[in-house]
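Before any comments, here is the structure.
Since every read-out is calculated from the coordinates, none of them should be taken as a lab result. Model, not experiment: these values are computed from the prediction. So basically every Cβ, Gly included, is an ideal-geometry build from the backbone, and we count neighbours across all protein chains shown.
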Amino acid sequence: MTWVVRLVVLVPALAGLAGLLLARSRPAAQRIAVGAAVATTVLALIQWVAPLGTGDIDTFGALPLGDLSAPLHLLSDELSGLIGFVVAFVVLTIQAYTVWYLREDARYPQFAAGVSLFAAGMLLLVQSADLVLTLVGWEIMGWCSWLLIGHDSERAAARRAAYKAFMVTRIADIAMVVGLITLSVRARSTDLFAVLTEPGRTGLLTFGLVCVVFGIAGKSGLVPFHDWLPDAMEGPTPVSALIHAATMVAAGSYVIARLFSLYAGNDAARTVLAVLAAITMVYAAALAFAQSDLKRLLAYSTLSQVAIMLSALAAAPAAFGVGPGMGHLVGHAFFKALLFLGGGWLAVIAGSTALAPMAGHVRSGVVLRWGMAIGFAALAGVPPLVGFFTKDTVIDAALEGAADGAGFRAWVVVVALFATVLLTAAYCTRAWLVLANGPQPARRPANGALEVERVGAPAGSVTNSRLAGVAWSPDGAVVAAGTERPPEQTSAGEPDPELVDETPPAPSEHRPSVQVAPWRGWWSDTELLALLRTASVAALAAGSVLGTLLLLTLPGSIHVGWLSAVVSVLLIAGAAWAVWVVARRGQRDAADVLPQPVRAAAVAGLGADTAYAAFGRAVVATARLVVFLDRDVLDAYPRAFAATTRAVGRAGQRTHRAVPSLGLIGVVAGVVVVAVLGVTVWR
Amino acid sequence: MTTRDIVFVVVGVITALSGLLAVSTRHVVHAALWLLVCLGSLAGCYIVLGQELVGIVQLLVYVGAIVVLVLFALMLTRAPIGPQPDIDAPVWQRVVAALLGAATTALVAAATLPVIGQQSVDLDTPVVTTQQIASAIFGTWVWPFELLSVLLLVALVGAFAVSRVVLARRSRS
Amino acid sequence: MIHLQWPVMLAAVLAGLGVYGVIARRNAVLVLIGVELILNAANLLLVTAGSRPDAPLAAGSVVTLFVVTIAAAEISIALAVILVMFRRFGHIDLTAVPDLTKGAPEHTERDPTDRTDPAALAAEEVSEP
Amino acid sequence: MAVTILVLVPLVAAILLLAMPPVSGADRAVALVASVATAGLAVVVSALRLEVDVMWIRALGIRWHLAPDGISIALILLTVLLTVGIVLHTLHGPPPEGGTRSTLLGCVLLVEAGALGTFLARDALLFFVAFEVVLVPMWVLIRRFGDHHRTDAVRADAAGRFIFFTVLGSTLMLVGILFLVYHQGSSDLGVLAAAHGSGMPHGVQLAVAALLLAGLGIKVPIWPLHTWLPAAHTIAPTAGSVLLAAVLLKMGTYGIVRLAVATVPDGVATLSPVLAVLGVVGIVWGGLACLVERDLKRLVAYSSVAHMGFVVLALASGSHTGLQAALFGNIAHGVVASLLFFVVGDLKEQWGSADLAVARVALRDTAPRFGLPLVFGFAAALGLPGLVSFWGEFLALYAAWFPAPGRPVALLRVCVVLGAVGLAIAAGYAVRVIRIVWAGEGSDPAASPVRDLRGARRAVVVALVGATVVLGVGPQLLLHLSNADAAGLLEAVRR
């Protein structure tokens, strides 16, 4: 059985490597990627159903490091089993969906391999019983996120977004590394259980835990490290789903959950976490309401939802354990993946990820319509969907925490949670109304894609004034930030069967830039591709409805308090009604009531990007100073030495060019003097 | 003062005087000729000292070869005949030279005379015969002797190289 | 019987004369004459020492012969050098300031734009064909 | 005996190659056979731990004592295997400019012989002699075979700078060694390590440690003494850059472990705050310089300064973990830097320069066999887990956080935080290069594409990528190798 645990990590890792190094053809890459995802899901299922309950599964032997013990063990318990399974399942749906989504992308094999590696990183983190392995998985995810967000690297915006994501998380990783080292030093061991049980040295412990909080703030997108996440929407939609649903941003809360018994006894670290989470959840939910781009809206909602998970870990009483936070992680994984995949589908139909062009398109298909509806409802927390249960468990846990005497940090969280519930319901309603109530397009205009060629600034839309940011690149190149350009349905050969009833051949002048690869096996069958896409969305929708059942296996993850449930349902209903009214029953975008400058600022992320860019410029300026010092100050010493030597040599040369007979006088006089000395002194 | 002493002093005075003239005459060629006299009379000194072989070699090599070489060199460097006003260095340099020369003399004398003291040797029955010298050269000193022959060869080649190769390189560039 | 202080004194005088000649003369060939005098002073000392009854290995005579030979070698090289000097500079005046740049392009000043360190000089010597 | 032959094979082959007439085609065979034979012998010697110990210079009591141990085996294997790689790489490239190929190969083998002697030597003076052997061939490699797109003066400057710095370092080291040997009465490293500085007054220990650290620190290079490295790396041919990064730099750190840490531990301990601070300044300094550097080879050289900073930091910690981290980081940097220099050197060969500001074709689509190793190399350079550098750097930070007793803990912890900042900077420059060269930021699709890696050159690069991954996934392979001897070394120190 221990091999199952190892294989859960090994299979996607090998699939990733194989895809990267070997698979050059698309069918092979598809088989490897999807096959490995299926195998991983099955293995994770086995592990979840029959967890070993042990934390000393060898990986490749302990490191011989003298005074530091680094056994590098994996663990297998209920929590890792559940999360592992959810991760594997979400990755499976995403891999299946990617086959459809990137069907015309020449670099699909690399992309699929990247997703596999990413999954391996997350699964390693989930199953790690060793802080070093946690860090390994953590960093692998960071790297893969860079590769995947920048997949579409012909566009400057995508390159910049990838760089920004990687750098922001990497900077936060400074704290992560220091924190993990501190915790390991305390126990002289990187073994999770040794770290958790080491008593004493609370000063060091607090420092380490706070460092870890700041470390996870990077990947989980807490303020002030949050701004990379909306920009990361430049990546293809499957990556967004991957990052947002079950892996990267959720990894932070999982790490905190694994260290929960340390956090439970440490007020200082938890207060920091609570404050960061509370700020982030309200801030991000408020910004989400004003977004004009569906993917960015979802990104901000992710920030907010991840903060909810973390707030549960920050505020819940120790007795509640990690259940509330992890429950919300699982629920969020399902409905956020669902929303992203559905959103990607919509974007392909509409040719843009901006909300305005999508208006009405959600009615294009049954699965799409119901999928998006379930997704938004679950996100808003409408009973009986999974979001309702998990969110109310968190609120209940926070209330219990407040009652338990947690004081400030619990109350901050409770207030923020109720505000977030309200805001979440508002932006979900707004988005749904926009998507569902637009003018029903019978089909997409033949040249529709042409209009939205440059997504992010569609004609006539005030909402897409996504401000151009300055690229944070050492080269100082100024690039405009935009949003992902979804693969367009313009290929005459491959109309979407669900979308187009009577297929007019699209104008051929707008063929996709990437040539259709010469793969025509059964995998290429259009209907099969569409089926894969639809099945993925449907599976996730099912998960969003039935996810509560999964959570029953994790103690403490479903615990609905009546008071909080009633209050939040009322809040949701009120917010939805208010938005409905403001939106004139769906006749206009509810966000249009906001003043234009506020809207623009919100779309621009309130200038966080500018601050990042300024920081980047400061670093580059320092670097230039360093290079100047290196070349012209430090290096002056060797140059001065060389020049001195040369000057001395010249002087010597001149001396030797003196009149020869004078030299002779010198020599003879010297000999005489020496001889006199010799004769006199010798005696 | 024995007879040999008197003979030696006479020959020695000739040597010293001709040496003085060799370094002080204003005729370039005369200098070489006075050197010839000086070295020749030094050969006489050697003979008085009982070293006939050395004296003869001195005559052959120094007087016969080296001085001739010097004369050749003087001719090749277009040495003028007749007294030269600028043959000597400036006065101050000559004064320094005289001082250093005197110092050298004093030094050598001071260093060696006490060693020699009032020692006198009987040269009528010579300590070393020519035969002994021959067997010493080809016996005890054979390796230095052979090395010397190599040195001579190297010197010949070197002289040739210095005068030929350097000039050839110069003319090429 | 001979008293050895006479040859020793002669040697001292010859050495002093030689030194005077080396310094006081301008003409390089005449300087060589001074050198010869010094050498002969040394020879005379050797012979004197060798004529003592306790002199071992016939060293006085033998080494004198060697010195004579070495002197021959020395003077041939020296005269060759003087000859080259004469041809290159047109004079053999040792009190004149030598102009080494003349006729010796390999040893001229480096290009002033060459901002390298001394090792570069050595390096370029090596790389010359 | 086999150990002596191990050193002699490359030496004799080098002399043969240097003496060979330029037209002869036998250089290929000689170089290949010699390097492969050396590699084989080195494996045998390392596996069996063969040893040779005879009197060498009786008057001075210097012994011809060569023996591998856990600390040196990894370096020996790295040296011999990389030499095979370099020979293959050189033989499958265009003929070198500036001299004949046999001269180039001769110099490479001479460096190998010197490096092997250095790593094997168990006598301080023998160590020094072997240490010096590498200087002249390395100088020739830079001076004669350097980048021929630059002016002669630039080559002369780089080569002169190299020789100036390293000779200065060697001189300081020699003074230190003589001081040490004079005080301890023996030049045997085993004896010196067993004495671990006992019987020397603290002031003398401090002086010896300072001399040794300054001398060897130039070679490492430790921060303010590093300015020779970028110039030398930029100008040197691929073979020279690889040797510099993978062998010469390692001789410095190895020397610090073998000569300084083992023999004058108290002096090194007193100096460890300085060492730690300089190491961390090097990490940050090198990283920042990489963020704006335009020349790719220079950039890799600055990243070497940063990576060696981690090794120095680990050494400053003085703990067992620190020593292990330093030894591992040493090898890791050797593998990664040689991989990068092989790839970058090839690119420069084809591009004519390594200026990042020149728009070229992106490698990702036109030359994936170049691109992938480049990405791997820079991913390793930024300390990505799963690749070899991560372990050295993470463990170095751990060790510095928890140093040996008696070290300034607070200062070292500040150093750790700054070192972690260095990790973030490394990510910045690594991704910057990948963006420009691989993904093609600011690239020019119309520029002439590079020929992709082929044949033996590809095999060399693939082998190095493999080593990066294998050692990254299984760091135990190396850590077990050095564990016992590292422990023994510190045991002697602490006794």
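Membrane-span-like helices in chain D (whole DSSP H runs, Cα extent of at least 24 Å along the helix axis, mean Kyte-Doolittle hydropathy of at least 0.0): D:2-19, D:27-48, D:70-91, D:101-120, D:152-184, D:202-219, D:265-292, D:296-317, D:320-351, D:409-433, D:455-473, D:476-494.
Hey, what did chain D get for relative contact order, percent, Cα under 8 Å, at least 6 apart? Numbers along the way, then the final one.
Numbers: 891 pairs, mean separation 73.3, N = 495.
RCO, chain D: 15 percent.
If you take the square roots of the eigenvalues of the alpha-carbon gyration tensor of chain A and sort them as a ≥ b ≥ c, do you get rounded (a/c under 1.5), prolate (a/b over b/c) or oblate? If you can, show how the numbers build up before the last one.
Values: a/c = 2.03, a/b = 1.59, b/c = 1.27.
Prolate.
Normalising the average separation of contacting C-alpha pairs (under 8 angstrom, six or more residues apart) by the number of residues puts the relative contact order of chain A at 14 percent. Between region D:204-272 and region A:49-71, the C-alpha centres lie 36 angstrom from each other. Across region A:608-648, Cα-Cα distances exceeding 17 Å account for 52% of all pairs. Once C-alpha pairs closer than 8 Å and six or more residues apart are averaged by separation and normalised to the residue number of region A:345-396, the relative contact order reads 18 percent.
How far, in degrees from 0 to 90, does helix A:636-656 lean away from the longest principal axis of the Cα atoms of chain A, to the nearest 10? Approximately 20 degrees, to the nearest 10.
The peptide list D:411-421, A:615-625, A:667-677, D:357-367, put in order of mean Cβ contacts within 10 Å with the highest first, becomes D:411-421, D:357-367, A:615-625, A:667-677. Placing dummy labels 7 Å off each Cα toward the beta-carbon, the span from A:Asp77 to D:Leu178 is 6.5 nm.
Magnitude of the charge dipole for the protein assembly as shown, about its Cα centre and with charges confined to Cβ atoms of Lys, Arg (+1) and Asp, Glu (-1), is about 1520 debye.
Across every direction, the projection of the convex hull enclosing the Cα atoms of chain D has a mean area of 20.8 nm².
Across peptide C:63-69, the mean count of Cβ atoms from other chains lying within 10 Å of each residue's own Cβ comes to 6. So what does log10 I(q)/I(0) come out to for the protein assembly as shown at q = 0.04 Å⁻¹, using the Debye formula with one equal point on every Cα and no solvent? Evaluating at q = 0.04 Å⁻¹ gives log10 I(q)/I(0) of -0.38. For chain A, DSSP calls about 90 percent of its internal beta bridges antiparallel.
How about region A:68-113: which chymotrypsin sites (Phe, Trp or Tyr not before Pro) there lie in a loop by DSSP and see at most 14 other Cβ atoms within 10 Å?
Working: sites: A:Phe85, A:Phe89, A:Tyr97, A:Trp100, A:Tyr101, A:Phe111; in loops: none.
Loop-located and lightly packed - none at all.
Helix A:78-101 sits at what angle to the longest principal axis of chain A, using alpha carbons and giving 0 to 90 degrees rounded to 10? Approximately 80 degrees, to the nearest 10.
For region D:10-141, the Cβ-based charge dipole about the Cα centre amounts to some 120 debye (Lys, Arg positive; Asp, Glu negative; other atoms uncharged).
For chain A, the longest principal axis of the alpha carbon atoms and the long axis of helix A:294-315 meet at an angle near 80°.
Alpha-carbon geometry of region C:5-89: the Rg and the Dmax are 15.2, 52 Å, given in that order.
Number of Lys-Lys pairs in the protein assembly as shown under 13 Å by Cα, sequence gap 8 or more or different chains?
Details: A:Lys164/A:Lys219; A:Lys295/A:Lys336; D:Lys219/D:Lys250; D:Lys297/D:Lys348.
Lysine pairs satisfying the spacing and distance rule in the protein assembly as shown number 4.
Annotation: extensible slack from A:Leu204 through A:Leu629 equals 149.3 nm (criterion: 0.36 nm per residue apart, minus Cα-Cα distance). In a reduced charge model with +1 at each Lys and Arg Cβ and -1 at each Asp and Glu Cβ, chain A shows a dipole moment near 1900 debye about its Cα centre.
Rounded to the nearest 5, the antiparallel percentage of DSSP beta bridges internal to the protein assembly as shown is 95%. Measuring spread by the Cα atoms of region B:1-125 yields a radius of gyration and Dmax of 17.2, 51 Å. How much FRET efficiency would the formula 1/(1 + (r/R0)^6) give for A:Val38 and A:Arg369, where r is the Cβ-Cβ distance and R0 is 25 Å, rounded to 0.05? Calculated value: 0.35.
Using the Cα coordinates of region B:101-158, the gyration tensor eigenvalues translate into equivalent-ellipsoid semi-axes of 32, 24, 9 Å, sorted from longest to shortest. The orientation-averaged projected area of the convex hull spanned by the Cα atoms of region A:87-239 comes to 9.1 nm².
How big, on average over all directions, is the shadow cast by the Cα convex hull of region A:555-680, in nm²? Walk me through the intermediate numbers first.
Details: hull surface 102.8 nm².
So the Cα hull casts an average projection of 25.7 nm².
Before rounding to the nearest 500, sum -39500 (n - 2.57) across all DSSP H runs of length at least 4 in the protein assembly as shown and divide by the residue total; then give [θ] at 222 nm in deg cm²/dmol. Before the final figure, lay out each step's value.
Values: 58 runs with 1023 residues, N = 1480.
Rounded to the nearest 500, it is -23500 deg cm²/dmol.
With r defined as the distance between the Cβ atoms of D:Val274 and A:Thr644 and R0 fixed at 22 Å, what FRET efficiency is calculated, to the nearest 0.05? The value I calculate is 0.25.
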